[in-house]
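Chemist: Have a look at this one.
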Amino acid sequence: MLQPIPAGFSRPVFESQSTFRAVLQAMANPGRTVPMPVAAQGPQGWSGSMAALVLTLCDMDTPIWLDPSAASPEALRFVRFHCGSPQASAPHEAAFAVVLEPKDMPALRAFTPGTAEFPERSSTLLLWSANLGQAGSGVRELNIKGPGIDGRGELPLHWLPEGFAEQWRANAGLFPCGVDVILVGPEAVVGLPRTVTMEG
């Protein structure tokens with residue numbers, strides 16, 4: 001019996017364009033919360049924002065790795081049908097990676113940082129952050145610096161997996177190589193390009 005495939009975008013051209021603009025804004029302004037303009041219909045367990053990003057960024061030339069929480073049969077059919085992306089068997093083979101369970105996220109060093117000749121051939125992580133956009137009293141924040149940040153920015157620690165900051169410092173030391181990360185919340189995204197440094 002054929003299983004239904006989630007519809008994805010209702011207006012693919014317009015919605016993918018608006019989603020891409022949100023990604024560009026987030027990566028150009030690291031640490032800034034950028035609202036997602038579209039919530040696509042995706043697999044069960046995926047937010048509409050995560051589905052929209054995958055539909056926008058992934059295609060037949062971008063191998064994708066899904067963590068065990070994301071890699072349901074429905075999700076695999078969704079990616080194969082809408083994007084045509086090859087399924088990466090390991091994180092280091094991925095151009096894009098979907099991580100829905102941050103506490104079980106592979107170490108950043110498990111993904112490819114690119115090479116000195118081709119630093120752009122690195123992995124980009126789409127990392128789910130259920131708390132993204134939420135503030136609270138007494139929340140610890142990391143100081144971030146880098147291109148696109150006016151002076152010094154702040155990033156709430158509870159938006160990130162445990163131990164992420166330490167891994168990020170090692171990743172930043174690989175520049176111009178290194179992985180990029182997009183934090184994906186229920187209704188917004190935050191860009192963390194490899195040029196960002198974290199303190200605190």
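The values are calculated or read from the model by the stated rules, or taken from the named source; none is laboratory data. Note that this is a predicted model, so its numbers are computed, not measured. Cβ sites come from the backbone with ideal geometry, for glycine too, and all protein chains shown count toward neighbours.
Chemist: May I ask you to verify whether Ala130 is among the aliphatic types (A, V, I, L, M), over 17 Å from the mean Cα position of the chain (by Cα) and either assigned to a loop (DSSP other than H, G, I, E, B) or more than 11 Å from Pro30 (Cα to Cα) (or both)?
Modeler: no
Chemist: Just one of Val54, Val34, Val23 is more than 25 Å from Ile149 (Cα to Cα) and β-branched (Val, Ile, Thr); which is it?
Modeler: Numbers: Val34 fails: more than 25 Å from Ile149 (Cα to Cα); Val23 fails: more than 25 Å from Ile149 (Cα to Cα).
Only one candidate passes the filter, namely Val54.
Chemist: Among all residue pairs at least 6 apart or on different chains, which show Cβ distances below 6 Å where the first residue, located in region 49-62, is within 13 Å of Leu183 (Cα to Cα) and the second is crowded, with 22+ Cβ neighbours inside 10 Å and modelled with pLDDT of 95 or more?
Modeler: Matching pairs, first to second residue: Ser49/Met36; Ser49/Val184; Met50/Val184; Leu53/Leu126.
Chemist: While we're looking at this one, here's another question. Can you tell which of Leu132, Leu125 is crowded, with 22+ Cβ neighbours inside 10 Å, touching a strand residue (DSSP E or B) at 6+ places or on another chain (Cβ under 6 Å) and of a type in the set (A, V, I, L, M)?
Modeler: Leu125
Chemist: Do we have Leu24 as among the aliphatic types (A, V, I, L, M) and without any contact (Cβ under 8 Å) to a residue 24 or more places away in the chain here?
Modeler: Numbers: among the aliphatic types (A, V, I, L, M): yes; without any contact (Cβ under 8 Å) to a residue 24 or more places away in the chain: yes.
For Leu24, the condition - among the aliphatic types (A, V, I, L, M) and without any contact (Cβ under 8 Å) to a residue 24 or more places away in the chain - is met.
Chemist: Still on this structure: Within region 171-190, track down each residue that is in contact with a Pro (Cβ under 7 Å, 6 or more places away or on another chain), within 17 Å of Gln134 (Cα to Cα) and in a loop (DSSP other than H, G, I, E, B).
Modeler: Glu187
Chemist: Kindly check whether there is at least one residue in region 53-64 that is surrounded by fewer than 17 Cβ atoms within 10 Å (Cβ to Cβ) and more than 23 Å from Ser16 (Cα to Cα).
Modeler: No, the conditions are met nowhere in region 53-64.
Chemist: Still on this structure, please answer the following. Considering only region 114-127, how many residues are under 19 Å from the mean Cα position of the chain (by Cα) and in a loop (DSSP other than H, G, I, E, B)?
Modeler: Step one: filter region 114-127 for residues under 19 Å from the mean Cα position of the chain (by Cα), giving 114, 119-127.
Adding the requirement that they be in a loop (DSSP other than H, G, I, E, B) leaves 114, 119-123.
Selection size over region 114-127: 6.
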